[in-house]
Each structure stands twice: as structure tokens, then as C-alpha cells.
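The values are calculated or read from the model by the stated rules, or taken from the named source; none is laboratory data. Owing to the predicted nature of the structure, the values given are computational and were not obtained by experimental measurement. Cβ sites come from the backbone with ideal geometry, for glycine too, and all protein chains shown count toward neighbours. Surface accessibility is based on the protein's heavy atoms, side chains included, excluding ligands, DNA and RNA. Shrake-Rupley method; radii C 1.70, N 1.55, O 1.52, S 1.80 Å.
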Number of protein chains: 2
Amino acid sequence: MTVQHLERKPVPGRRATIGDVAELAGVSKQTVSRAINDKGEIGAATKERVLEAARSLGYRPSRFARGLRLQDSVTVGLLLSDVTNPYYPEVASGVLEVAEDRGWHVVVGDSRGDRRRELEALQVLARQADALIGQCSSPDEELARELPGVPIVLLDHPPGHRGHGSVRIDFTSGMRQAVDHLVLDRGRRRIGVLEGTPRANPATERRLSAEQRLREHGLPAGADWTAHAVSHTVAGGEAALAELLTARPDMDGVVCYNDQIAIGAMRELKRAGRRVPADVSVIGFDGLPLGELVTPSLTSVHIDKARLGRLAVQEVARLLADPTAPPVPDAPVVHPELVVRGST
Amino acid sequence: MTVQHLERKPVPGRRATIGDVAELAGVSKQTVSRAINDKGEIGAATKERVLEAARSLGYRPSRFARGLRLQDSVTVGLLLSDVTNPYYPEVASGVLEVAEDRGWHVVVGDSRGDRRRELEALQVLARQADALIGQCSSPDEELARELPGVPIVLLDHPPGHRGHGSVRIDFTSGMRQAVDHLVLDRGRRRIGVLEGTPRANPATERRLSAEQRLREHGLPAGADWTAHAVSHTVAGGEAALAELLTARPDMDGVVCYNDQIAIGAMRELKRAGRRVPADVSVIGFDGLPLGELVTPSLTSVHIDKARLGRLAVQEVARLLADPTAPPVPDAPVVHPELVVRGST
DNA sequence: GTGAAAGCGCTAACAA
DNA sequence: TTGTTAGCGCTTTCAC
């Protein structure tokens, strides 16, 4: 008999463990550990033999065993409502940037804009993450109930809620800038509002802020001057603008929930024979790179989305450092900034 | 000595364990486990008491301990070269879709287009993932050396390589469609090529395929008719087109590495006083949604990027099921398809 | 330079 | 219904 059988092949379904490597190399588990992790205290020849054994078995250390032992690995879960929404890549890049700096991992999930899915997705993420970041439409109490003990940082969260971390966007200031631009710089007086879906938390806040500012200028505002976009997309914006234009054919300006809706509005206006911005001024919100590419390019209230992501991770760090910390009265705030382009 | 230490409070920095909960509730760890995991075999009153104890301690089960014990959790790492590249969201959505179906987690990383970072990022991901998916510019041997034993599925990988899983895109067919459209449908005869960065694996393949087809039509092709985009972005496309236009002022068509470069080309052409498509036809590659929004809208060779992502996860599943499986001669292929719009 | 033993936090199997 | 035991795969003592 030969000793060929010492060359145990990796059986499909069962991964080699440190014990397998130790046995094959004829050393203790400890020695294998030293070789794999490149510690000192090991002979060069031994190390080589161990590494060779590991290679031949296709050995990889179990991340669970290592994580359990070392307790130094942090993973944060990022829940998006729709990965393909161009709003998110910059947020994600901010999250990834800070996570990388800290040596943290990031797991992502997509709720596909569905409330039920959202909770499920959060729960799935929570199984793999120490804390969560997300733009959630579920009420705070529901989150607290369904995800007990899980630190959550909410993006774009209206103020006044407790029990979770959050990062705020100053929509009031943003919408004031948008409305002021249309009214003061462009002299528009009949301004419509294209609101987001009723579900979205920040939708109402954006609309209310816009309406308030319109009224402060002595201009009409309210349901008559508002249309809901069914989705926060170009198509949603097209449909919403068509609806609004029917009710208000004399409209000379539109404030939009976000850039995609604004681009849809511009397209629909052109289709209806209106010139932008000669007849109607359009202004978006978010400041997507996309806005520079359409014709005319889109004026928008720019949000530093990468900063939003970075701040969110920092909030997670705060929560993780002291889970018993009280909810902070003033969450970090991102301040929007008007960027004027061709559509107004 | 007192026994006060039995009442271990949740010290910031130390998370409560199942033992802490058991102790506080006055039951065994096993009973706590039953309560937490909603198994039967536990009295209602006991369960309530345990859950209350868990709540008050802010207890969450350790994912490492659970993962170690249950051995049923799969995580795949997705490495992107730049999260903010609009090519990726659809790929990611495909990956997430299949991952969700299988109950797998997805961790993401961003190499920021840097080769050094790429390897580091892959290694970081590998610490948390059972397998990796990525569009990698590192040579295969380097991947195998730096990530021993890690199953990797490469996106957009040229054929003929071994040792990793891969998903292919049929660039030859795609570029043939692009060139044929310009030549046969639009009658263009002086066609430039805007290539991607030299680093990018698929860049050369796309260019070669385009040049080959151009020559098959008896048209000139080669270095004289090619410009490199420094980055796969709109700005990169603008610069590259400017360069190409200087060398070939009589150019009447451009085939581009991707849609962003194509959009940059269109902008630069307009700036140079050329009409698109009257004077010059432009065609992109990838079929980003973005292409519909620019004016004129962009003709492009559409790739089903979500499918690419889905196939990649399926390849991962194959690799994971049998790590010893031989490299498959014919990797799954995504077939590009021409979508004609206004720019040609 | 190397090995033996203990234990990280959890759950399956079995015992009571 | 509840508790005890064992062990998942790894690394950190502490011996040798």
C-alpha cells in the first residue's frame, strides 16, 4: 500500500478545516494557525509544509470560527429601496469609503420599494450585520419591534423620532432655495409641485416645505397645484406632469420631488409643446450627475449624497460604541445647495 | 466577597451573550435558544420571561457562533471597480435578486479602478465571503496566488482562461452589430473607434472586434482611427473624441467602448459644430437607461446586465457545490443586442 | 519551535 | 417542558 491516501481530496460539500490541514502536514492545529496567519514562532520548513498541505486541500479558514474567536469584525447592512435608482450609488460610495477606512464590511439588500419586503430584507441583513443603514418607510415602532436590539441609522429621516440613529437632510432649506430661485430669479408666479409617492417619508416633508415657501411669497399652493408621481422615476414624472398640466395649463414653473421626476417633467412639457425654460421653468432635487446630460441641463438642489453615506456610517460607529447612548436630539444634517443650470 | 458580579450589566463594548440572558432569566442557555428561535418545547411563561430578559440586556445572537454551529449561511462578495458607474446597478440588481432567492448575503467592495486596491479589496471581501464576483483587471495567476482557495467568478472575462468561473459577454457579436449598423444601415465609411482604458480587460476585445468588422467591410481601421478614453466616463469620451476629431476631421461615424464615452462623444461633437447624426453617427455599448434621456437619444448595443449578475451567482453556486469541478470550457454567455435610437 | 488545552457563543442530541 | 453535554473551527494562553 502506498500512502497516497494521505492526499485526501476535498470532498464536495465539506470544506477542509484546520484540523485536516494539521493532520495532513503532521503538525498540530496551532502550528497550522501560525503558518496561515504568518506569525513568527515557526520553522521555515514546517511553515512551507503546512502551507503546501493547506493548498492541496483547498483550505480556507472559517470566517465564523475566526470571527467568534477574534470578535473584531464589524459588518454594516445597507438597505436600499431600489439598487437601480441613480440616487443610491453616491450614498453607497460614501458608506463604502468610511467602512473601508474602518475595516468594516458592508452587506447590501434591496427592498424593491415594497414595505413588506423592506422588513424582511432588514431582518435578513440583520443576520449578517452588526448594524443597519437604510431609507426605511416602516414606522419607527415597527422597526424597533421587528428588529429588537439592532442599531439602525435612518437616511433622510424626518426629525422628532426616537430610538434610532439618523442622518437628516434639511429639506426645508432645500425647498426654500428651489422656490426662491423660481420666484425671485426667474419671476415665476404659477408654480406647480410634483410630489413623490405618498409612502416615502421625505415626500411629505419636501412638499410641505415647498408649499410653505410658495405661500410666503404670496403664491397659490396646495392640492390644486400638486400632482403625485406614482414612482420616483422619469416615467413617474412624465405622468405626473401630464396630470398637473391638465389642471393648470397656465403653469409657468414646477418644483419636483427629485431629479428623475424633473427630467420626466421636462420631457412631458416638450411633448406638450412647451418650451423649457422659456415657457416653464423646471427644478429638480438631489443633484444627480444625470441632470447635466439632459437638454437643457437640469437646475437642481444638490445634496451631497456621499456625505450622507459617510455620516450614516459615523452614526453607526457611535451607536456601536455605546448602545445605551441616548438618542441624540440633533442628528447630523446634510445641507442642500442650489445648482443652477439650463432648465430654469 | 459579594456575589454582585453575577448581575453582569451590559458594559459598553461587550455585548450580552446567551449566557447572560440565561442567567438573568434563571434558565439554561438552551431554553434561551428555544425562546429566541421561536422553537416549540417551551412554556409560554418561561418564553416571555426569557424574551424580556433578552430585551432588557439588548441581546442579539452572535452571527459568528450561529454561523459556526449551523454552517448554512452563504455570503458572496461583489467587487465593483466604481460603485458610481451607472453600468453596475443593474448587474448588482441581478446579483441581489438571485442571492435573495437562495437566501444568500452579498457584501460589496469598491476598488476605485485601482489595481492595487483591487487585490486588497478582494482579500477583504474574501474574509467575509464564501466566493467572489467581480470585474477584475488583475491577471488570473495573481488572483489565484493572492486568493488561494477562493472561488471567483469573473464578469466580462475574455475566454481561454482557467482556474476561475466566468460569465462572458459576446463582444464580437455586439461590435459586429454596431459596425454593421453604421455601415449598412447608415452608409458610414469613415468610422472612428473610441476605446476604453488600456487596463480594462474587455477594452481590447471590444476594439479588436470592431476593427475586425470594419476591415471585413473594406473600411480603414487601426491606430489612426482610434483614441483611448482615459476613463470610462462622459468626460473621458469628450476628451477622446476631441483627440480623434483632430486626427480625422472627416470622420462620419464613431463606435464607442461604452455609453458614457458615447455620450461624451456626442457632446464634444456638438461643441465642435458637428450635427449628430446628420454629420456623424454615434453608437454606444451597454445600453444604459441614461441613453434614452440624452438628446438625441443614444443608439447602443444593449447588454442584459441584470442577467449577467444572475448568471454570475449561478456560477458561484456551481463552484460552491463542487470546488473540484473542472473549469468549464463554455462559460455562460450574454448576447448583446442592438437598440437603435436617435444618435445614428 | 511546537503542542495541548481551554473557550469564544451558539444549537443539536440526548437526558431528566 | 427544561437542563446537560458536546462540539462547530479557530486562536490565545501556557506548557514543553
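I'd like to check one number: the per residue accessible area of the protein assembly as shown, probe 1.4 Å, reported in Å² as a whole number. Could the numbers behind the result be given before it?
On the way: 30270 Å² over 688 residues.
Normalised by residue count, the accessible surface of the protein assembly as shown is 44 Å².
In nanometres, what is the gap between the two model label sites at A:GLN71 and A:ARG275, each 7 Å from Cα along Cα-to-Cβ?
For A:GLN71 paired with A:ARG275, the spin-label model returns 7.1 nm.
So what's the gap between the Cα centers of region A:275-344 and region B:66-100, to the nearest angstrom?
26 Å
Using only protein heavy atoms and a 1.4 angstrom probe, determine the accessible area buried between B and A, summed over both sides, in Å² to the nearest 100. Display every interim value, and only then the final one.
On the way: alone 17350 and 17320 Å², together 30270 Å².
The contact between A and B buries close to 4400 Å².
Got a number for carbon plus sulfur as a percent of the protein assembly as shown's accessible area, 1.4 Å probe? Each step should come with its number before you reach the end.
Working: 15380 of 30270 Å².
The nonpolar share, carbon plus sulfur, comes to 51 percent.
Rg to Rh for region B:192-254: what is it, with Cα atoms only and Rh by Kirkwood? Could you put the intermediate results ahead of the total?
Working: Rg = 11.3 Å, Rh = 11.8 Å.
With Rg and the Kirkwood Rh in hand, the quotient comes to 0.96.
Hey, what did region B:272-342 get for relative contact order, percent, Cα under 8 Å, at least 6 apart?
On the way: 71 pairs, mean separation 27.0, N = 71.
RCO, region B:272-342: 38 percent.
Remind me, what semi-axes does region A:98-247 give for its equivalent ellipsoid, largest first in whole Å, using sqrt of 5 times each Cα gyration tensor eigenvalue?
Numbers: eigenvalues 244, 59, 38 Å².
Those come to 35, 17, 14 Å.
Residues of region A:291-325 that become at least 10 Å² less accessible with every protein chain present than in their own chain isolated, using 1.4 Å: which are they?
A:GLU292, A:LEU293, A:VAL294, A:THR295, A:ALA321, A:ASP322, A:PRO323, A:THR324
Considering only the other residues whose Cβ falls under 11 Å of the Cβ of B:GLN30, what net charge follows from Lys and Arg at +1 and Asp and Glu at -1? Kindly include the intermediate steps, with their values, before the conclusion.
Numbers: positive: B:LYS29, B:ARG34, B:LYS39; negative: B:GLU41.
Result for the neighbourhood of B:GLN30: +2.
Heads up, I need the accessible area for A:PHE64: 1.4 angstrom probe, whole protein in place, Å², nearest 10.
Only protein atoms counted, so the area is about 20 Å².
Which residues of region A:64-102 end up with at least 40 Å² less accessible area in the presence of all protein chains than when their chain stands alone, using a 1.4 Å probe?
Residues meeting the cut-off: A:PHE64, A:LEU68, A:VAL83, A:THR84, A:PRO89, A:LEU96, A:GLU100.
Quick one: order B:ARG310, A:ARG176 from most to least accessible surface, probe 1.4 Å. Don't skip to the answer; put the middle values down first.
On the way: B:ARG310 70, A:ARG176 100 Å².
Largest to smallest exposure gives the sequence A:ARG176, B:ARG310.
Per Stokes-Einstein, at 10 °C and 1.306 mPa s, what whole-number D in µm² s⁻¹ belongs to region A:18-71, with the Kirkwood radius over Cα pairs as the hydrodynamic radius? Could the numbers behind the result be given before it?
Working: Rh = 11.1 Å.
Rounded to a whole number, D works out at 143 µm²/s.
What is the mean number of Cβ atoms from other protein chains located within 10 Å of the Cβ atom of each residue in peptide A:103-112, rounded to a whole number?
On the way: counts 2, 2, 11, 7, 8, 9, 5, 9, 0, 4.
Shielding by partners across A:103-112 averages 6.
Evaluated at 37 °C with a viscosity of 0.692 mPa s, what Stokes-Einstein diffusion coefficient in µm²/s does region B:98-138 have when Rh comes from the Kirkwood expression over alpha-carbon pairs?
Calculated translational D: 299 µm²/s.
Per Stokes-Einstein, at 10 °C and 1.306 mPa s, what whole-number D in µm² s⁻¹ belongs to region B:276-319, with the Kirkwood radius over Cα pairs as the hydrodynamic radius?
Values: Rh = 12.3 Å.
Here the translational diffusion coefficient equals 129 µm²/s.
For chain A, with a Gaussian network of springs between Cα atoms less than 10 Å apart, report the residue from A:GLU142, A:GLU292, A:GLU52 with the top mean-square fluctuation.
Looking only at A:GLU142, A:GLU292, A:GLU52, the largest GNM fluctuation is found for A:GLU52.
What does the charge add up to near B:ASP252, with Lys and Arg as +1, Asp and Glu as -1, over the other residues with Cβ less than 14 Å from its Cβ? It would help to have the intermediate numbers written out before the result.
On the way: positive: B:ARG186, B:ARG188, B:ARG189, B:ARG190, B:ARG248, B:ARG274, B:ARG275; negative: B:ASP185, B:ASP250, B:ASP279.
Net charge around B:ASP252: +4.
Given R₀ = 51 Å, what would the calculated FRET efficiency be for A:GLN314 paired with A:LYS29, taking r from the Cβ atoms and rounding to 0.05? It would help to have the intermediate numbers written out before the result.
Values: r = 39 Å, r/R0 = 0.77.
Taking R0 as 51 Å, the efficiency between A:GLN314 and A:LYS29 is 0.85.
Taking every eigenvalue of the Cα gyration tensor of region B:21-173, multiplying by 5 and rooting it, what semi-axes result, largest first, whole Å? Let's see the in-between values first.
Numbers: eigenvalues 369, 48, 40 Å².
Ellipsoid semi-axes (Å, largest first): 43, 15, 14.
Could you calculate, for region B:236-324, the ratio of the Cα radius of gyration to the Kirkwood radius, expressed as Rg to Rh? Show your work: numbers first, answer last.
On the way: Rg = 17.7 Å, Rh = 14.5 Å.
Radius of gyration relative to Kirkwood radius: 1.22.
What nm distance separates the two modelled labels at B:ASP101 and B:THR295, each placed 7 Å from Cα along Cα→Cβ?
4.1 nm
To the nearest 10 square angstrom, what accessible area does A:LEU208 show with a 1.4 Å probe?
The accessible area comes out at roughly 90 Å².
Using a simple charge model, +1 on the beta-carbon of Lys and Arg, -1 on the beta-carbon of Asp and Glu, nothing else, what dipole does the protein assembly as shown show about its Cα centre, in debye to the nearest 20? Mind showing how you got there, number by number?
On the way: 88 positive and 90 negative charges, 173 e Å.
The calculation lands at about 840 debye.
Once the label point is set 7 Å along the Cα-to-beta-carbon vector, what list of distances in nm do you get between A:GLN71 and its counterparts in the other copies?
Distances between equivalent label points, in nm: 2.5.
With labels modelled as points extended 7 Å from the Cα through the Cβ direction, what inter-label distance (nm, one decimal) is found for A:ALA144 paired with A:THR197?
Output for this residue pair reads 2.6 nm.
So how far, in whole Å, is the C-alpha centre of region B:163-241 from the one of region A:28-54?
Cα centres, region B:163-241 to region A:28-54: 49 Å.
With the contact rule set at Cα under 8 Å and sequence spacing of 6 or more, what percent relative contact order holds for region B:143-296? Can you show the working numbers first?
On the way: 256 pairs, mean separation 30.7, N = 154.
Worked out over region B:143-296, it gives 20 percent.
Which whole-percent values make up P(r) of chain A when all C-alpha to C-alpha distances are grouped in 10 Å steps starting at zero?
5, 22, 23, 17, 13, 8, 7, 4, 1, 0
What is the average number of partner chain Cβ atoms found within 10 Å of a Cβ in B:212-221?
Numbers: counts 0, 0, 0, 0, 0, 0, 0, 0, 0, 0.
That average works out to 0.
Using a 10 Å cut-off on Cβ atoms, rank the peptides B:270-281, B:14-25 from the highest mean neighbour count down.
Listed from highest to lowest mean packing, they are B:14-25, B:270-281.
How big is the dipole moment of region A:97-249 about its Cα centre under a simple scheme where the beta carbon of each Lys and Arg is +1, that of each Asp and Glu is -1, and everything else is neutral? Debye, nearest 20, please.
Roughly 540 debye for region A:97-249.
Looking at chain B only, what percent of DSSP beta bridges run antiparallel? Nearest 5 please.
Values: 3 of 35 bridges.
Taking every DSSP beta bridge within chain B, about 10 percent pair in antiparallel fashion.
For chain B, what does -39500 (n - 2.57) per DSSP helix run (n ≥ 4), summed and divided by total residues, give at 222 nm, in deg cm²/dmol to the nearest 500?
On the way: 12 runs with 142 residues, N = 344.
Calculated from helices alone, the mean residue ellipticity at 222 nm is -13000 deg cm²/dmol.
With the contact rule set at Cα under 8 Å and sequence spacing of 6 or more, what percent relative contact order holds for chain B?
Details: 639 pairs, mean separation 54.2, N = 344.
RCO, chain B: 16 percent.
Heavy atoms only, 1.4 Å probe, whole protein assembly: order B:ASP110, B:ASP38 by accessible area, highest first. Could you put the intermediate results ahead of the total?
Details: B:ASP110 25, B:ASP38 105 Å².
Per-residue accessible area, sorted high to low, gives B:ASP38, B:ASP110.
Rounded to the nearest 5, what % of DSSP beta bridges with both residues in the protein assembly as shown are antiparallel?
For the protein assembly as shown, the DSSP antiparallel bridge percentage is about 10.
Please compute, for peptide A:115-127, the average count of beta-carbon atoms on other protein chains lying within 10 Å of each residue's beta-carbon. Could the numbers behind the result be given before it?
Values: counts 0, 0, 1, 0, 0, 1, 2, 0, 0, 5, 2, 2, 8.
For peptide A:115-127, the averaged partner shielding equals 2.
Would you mind telling me which residue in A:ALA65, A:ALA35, A:ALA229 has the biggest mean-square fluctuation in a Gaussian network model of chain A, where springs connect alpha carbons within a distance under 10 angstrom?
Result: A:ALA35 has the largest fluctuation of those listed.
How long are the semi-axes of the ellipsoid equivalent to the protein assembly as shown, from square roots of 5 times the Cα gyration tensor eigenvalues, in whole Å, largest first? If you can, show how the numbers build up before the last one.
Values: eigenvalues 441, 298, 65 Å².
Sorted largest first and rounded, they come to 47, 39, 18 Å.
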